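Coordinate-derived values only; no laboratory data. None of the values given here were measured: they were computed from a predicted structure. With ideal geometry, Cβ positions are generated from the backbone for all residues, glycine too; neighbour counts draw on all protein chains shown.
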Amino acid sequence: MTYETIKYDVTDAIATITLHRPEARNGFTAAMSNELSDAFTRADADDAVKVVVFTASGDYFCVGMDMSVQGEPEDMEDPEWVEWATRVARPMTNSNKPIIVAIPGAAVGVGITMTLPADFRLAADDARFGFVFGRRGLAPEAGSLWYLPQLVGLAKAKEWMLTGRLVDASEGLSAGLVTSLHPRAELSEAAYTLARELATQMAPTSAAVIRRGLTAMTAHGSPEAAFRLDRKTIPHALRGKDIGEGVAAFLEKRDPKFVGVARTDIPQLADWLDGAE
Ligand SMILES: C/C=C/C(=O)SCCNC(=O)CCNC(=O)[C@H](O)C(C)(C)COP(=O)(O)OP(=O)(O)OC[C@H]1O[C@@H](n2cnc3c(N)ncnc32)[C@H](O)[C@@H]1OP(=O)(O)O
């Protein structure tokens, strides 16, 4: 697929997906929805990719739906509309690779909800966030009715979504929405420092089990379900390509050279997670 609203790059095992409509403050469109869906799916399928960085060109991350081009749909059941945030959030949720979001400025509406399935949200210290759907007569999307209370608690999620007020960066940090804050000029380096650490220090199969397992267990797990999942994943890890390397690297006081590939080494992971309820 040719991308017109985003950029996609892979360098040194890190895929970077960049919202690229800076003239429109990266306003979200149907084309952007399709392109992001394709890019996250592509990064997951590429065995050369170990980590994904999701960021944006310009001073805004994304001002949400581009209200200047995205009019009212003729058919409110049209999946082009109903599914447009899900198309992004689902491949992010199912990704075998950790996802780091670097948020340089305002992230509002779908501009913030589509980041919630990611694993880390690093933000500029003057960024703002807004769950403004009620103010526009819309309903929350991207699975945010589930994700937001998981991240910040039910009381805060209700307050943010019911008022639709803008939340500043420090409140986002203290509530748990944001992982860390950085001066805007240092945000990109902070994101790539973290990405390089994950790409070099984490066994890919371990990362996939951890990010997907935590989400699945939080969504529909229990201690017994987690014990059952452990019984699948631990023997698998012990038979895997990287356990010897991880232990040897520790004992030899050197960086590991992990060769595992989650997608092909544990193709049954999705079935294990589905069966974990
Ligand atoms: C299914 C999906 C649903 C959703 O995503 S619903 C959410 C839709 N998005 C919004 O409602 C956000 C509306 N925008 C804002 O609240 C603010 O903006 C911001 C907090 C994002 C940024 O504030 P500041 O930096 O003070 O900029 P500014 O002066 O308000 O806006 C600058 C220019 O950007 C235009 N703009 C902002 N957001 C959008 C948008 N989402 N779609 C189209 N245009 C937008 C404005 O109108 C204005 O334009 P001009 O300079 O010509 O006056």
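Points worth noting:
- Residues satisfying the stated conditions in segment 7-29, i.e. within 15 Å of the chain's Cα centre (by Cα) and either in a loop (DSSP other than H, G, I, E, B) or farther than 11 Å from residue 39 by Cβ (or both): 14
- Residue 64, sole failed condition from (1) buried (at least 21 other Cβ atoms within 10 Å of the Cβ); (2) in contact with an Asp or Glu (Cβ under 9 Å, 6 or more places away or on another chain): (2)
- Scope segment 93-122; condition away from the ligand (no atom under 14 Å from the Cβ) and within 17 Å of residue 170 (Cβ to Cβ); matching residues: 121, 122
- All positions within segment 154-178 that are part of a loop (DSSP other than H, G, I, E, B), more than 18 Å from residue 122 (Cα to Cα) and in contact with a helix residue (DSSP H, G or I) (Cβ under 6 Å, 6 or more places away or on another chain): 164
- Test: residue in segment 119-137 that is without any contact (Cβ under 8 Å) to a residue 24 or more places away in the chain and more than 23 Å from residue 52 (Cα to Cα): yes
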